[in-house]
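The values are calculated or read from the model by the stated rules, or taken from the named source; none is laboratory data. On a predicted model such as this, the values are computed, not experimentally measured, just so you know. Because the Cβ atoms are built from the backbone with ideal geometry, glycine has one as well, and the counts that use them run over all protein chains shown. Calculation scope for accessible area: heavy atoms of the full protein, side chains included, ligands and nucleic acids excluded. Shrake-Rupley method; radii C 1.70, N 1.55, O 1.52, S 1.80 Å.
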Amino acid sequence: MDYKKVSIIIPVYNERATVQIVLDQVKAVSIGNMEKEIILVDDHSTDGTTELLKNLNDPQIIVFTHEINLGKGGALHTGFKQASGDIVVIQDADLEYDASEIEKVIAPFLEQNAHVVYGSRYLEKQGLSFWHSFFNRIFTGFSNRLTGQNLTDIMTCYKAFNRQALSSVVDKLESKRFGFEPEVTAKLHRAGFTIIEVPVSYRPRSRGEGKHMNFKGQVESLWALVKYSLLKK
């Protein structure tokens with residue numbers, strides 16, 4: 001397949017301290033001869049992030065701002081609708097994931113004819129704490145049992161799709177918050193796409209550093225996992 005453009009979608013919520021660093025990293029990523037499109041979706045930040053993004057003056061960066069907070073899934077819905085790339089990659093704005101590894105996530109599209117690629121934090125040992133990994137392993141294991149997949153990390157930020165795969169599910173996505181992760185995984189599988197995983201590094205931030213996922217988000221994700229894996233929708 002002839003890929004000419006990569007869209008990198010960055011959902012942003014109260015990331016004033018890190019978003020500029022992430023943007024610099026994303027701009028530095030090498031994607032060969034392909035064009036790069038960077039889409040920022042500010043999900044109604046309240047810490048000055050909105051003002052910072054309004055002052056960006058870079059033709060490579062497109063910024064969309066939500067008038068109300070919709071959640072990560074809602075921000076991604078906005079980004080997907082605006083993205084024009086042949087490959088679409090999700091990048092978080094909090095420095096937990098090293099943006100230079102976008103190159104690794106894109107590689108299977110070019111080398112293995114992949115349709116969907118996830119960056120897994122668990123393909124290589126990284127010394128992550130038991131509790132940090134606990135819920136993710138439950139979600140991923142449960143997802144695998146319900147869908148027949150053999151993945152290691154459905155809750156990863158790094159999800160990438162070619163245009164064919166994304167177009168097959170984007171209008172069916174419903175989850176506006178953290179339920180997006182299991183929902184998109186289930187619907188991609190139901191649409192017949194194989195998900196390829198590549199190892200990526202990870203530096204988890206603490207609650208004090210602004211970690212957004214909490215127990216409520218975990219419960220929401222678990223319900224979404226059951227709902228979208230079992231229901232034919």
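Which residues' amide hydrogens lie under 5 Å from the amide hydrogen of ALA114, considering only partners 5 or more residues apart or on another chain, with H built in the peptide plane?
It is PHE109, by chain and number.
Give the long-range amide H neighbours of LYS5: residues separated by 5 or more places, or on another chain, with amide H under 5 Å away, using H modelled in the peptide plane at 1.01 Å from N.
The answer is GLU35, ASP86, ILE87.
Once phi is turned into ³J(HN,Hα) by the Karplus curve 6.51 cos²θ - 1.76 cosθ + 1.60 with θ = phi - 60°, what whole-Hz value does each residue of segment 93-100 show in order, with x for glycine and proline?
9, 10, 6, 6, 10, 7, 4, 5
Apply the Karplus curve 6.51 cos²θ - 1.76 cosθ + 1.60, θ = phi - 60°, to the phi angles in segment 180-195 and return the couplings in whole Hz, x for Gly and Pro.
4, 4, x, 5, 5, 5, 5, 6, 5, 5, 5, 7, x, 9, 7, 9
Just from its helices, what would the mean residue ellipticity at 222 nm be for the chain, if runs of 4 or more DSSP H residues each count -39500 (n - 2.57) and the sum is divided by every residue, rounded to the nearest 500 deg cm²/dmol? Could the numbers behind the result be given before it?
On the way: 8 runs with 89 residues, N = 233.
That calculation yields -11500 deg cm²/dmol at 222 nm.
Let a ≥ b ≥ c be the square roots of the eigenvalues of the Cα gyration tensor of the chain; is it rounded (a/c under 1.5), or, if not, prolate (a/b larger than b/c) or oblate?
Details: a/c = 1.38, a/b = 1.15, b/c = 1.20.
It comes out rounded by the Cα gyration axes.
Ranked highest first by average number of other Cβ atoms within 10 Å, how do 117-123, 172-178 line up?
Working: 117-123: 21.9, 172-178: 18.4.
Averaged packing, sorted descending, gives the order 117-123, 172-178.
In the structure shown, do any of LYS54/LYS187; LYS36/LYS72; LYS54/LYS125; LYS36/LYS172; LYS81/LYS125 have a Cα-Cα gap over 32 Å, and if so which? Don't skip to the answer; put the middle values down first.
On the way: LYS54/LYS187 35 Å; LYS36/LYS72 22 Å; LYS54/LYS125 39 Å; LYS36/LYS172 26 Å; LYS81/LYS125 36 Å.
Cα-Cα > 32 Å for LYS54/LYS187; LYS54/LYS125; LYS81/LYS125; rest within.
Could you order ASP24, ASP94 by accessible surface area, starting with the largest, using a probe radius of 1.4 Å?
Working: ASP24 85, ASP94 15 Å².
Descending accessible area places them as ASP24, ASP94.
Among 151-163, 27-39, what's the highest-first ranking by average C-beta atoms within 10 angstrom per residue?
Numbers: 151-163: 22.5, 27-39: 14.9.
Packing proxy ranking, top to bottom: 151-163, 27-39.
Tell me the net charge near ARG163. Cut-off is 11 Å between Cβ atoms, ARG163 excluded, with +1 for each Lys or Arg and -1 for each Asp or Glu.
Numbers: positive: LYS4, LYS5; negative: ASP86.
Residues near ARG163 contribute +1 overall.
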